[in-house]
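The values are calculated or read from the model by the stated rules, or taken from the named source; none is laboratory data. Owing to the predicted nature of the structure, the values given are computational and were not obtained by experimental measurement. Cβ atoms come from the backbone with ideal geometry, glycine included; neighbour counts cover every protein chain shown.
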Amino acid sequence: MNLLLLGLDNAGKTTFLLNIKSRRVTEVAINVYPHNEEIKIGYNCFDVFDFEGREAERTSWKYYPVMDGILFLVDAADLKRFS
Ligand SMILES: Nc1nc2c(ncn2[C@@H]2O[C@H](COP(=O)(O)OP(=O)(O)O)[C@@H](O)[C@H]2O)c(=O)[nH]1
Ligand SMILES: [Mg+2]
């Protein structure tokens, strides 16, 4: 199953993805876009795509039609950006 990971820049998408993948809570040094990780949870296998949101990088958005679902990540501590 292909999943698309979306959310505002700096929401913590890449950190979330790599922490789930490694099963460890660590700080992620750099973003490499676009990138995807295969995550296994029980018998389920998910291919999660982490695309850059900046305008120049949006050509990768053409892959959206092959996605089965969306994960939308919100930084609940970033109160300024809720408005
Ligand atoms: N305190 C804290 N910082 C986080 C957390 N997740 C990500 N960050 C930091 O927030 C910044 C943006 O994270 P990143 O994963 O690059 O966000 P992205 O732009 O959505 O991919 C980085 O400096 C991360 O280290 C978290 O759960 N807690
Ligand atoms: Mg990122």
Could you grab me the full set of residues in segment 1-31 that are within 9 Å of ligand 1 (Cβ to nearest atom) and either part of a helix (DSSP H, G or I) or closer than 19 Å to Tyr43 by Cα (or both)?
-> Lys13, Thr14, Thr15, Phe16, Leu17, Leu18, Asn19
Sole exception among (1) modelled with pLDDT of 80 or more; (2) more than 16 Å from ligand 2 (Cβ to nearest atom); (3) part of a helix (DSSP H, G or I) for Cys45, by number | (3)
Answer yes or no as to whether Ser83 is at pLDDT below 75 and not aliphatic (A, V, I, L, M).
-> yes
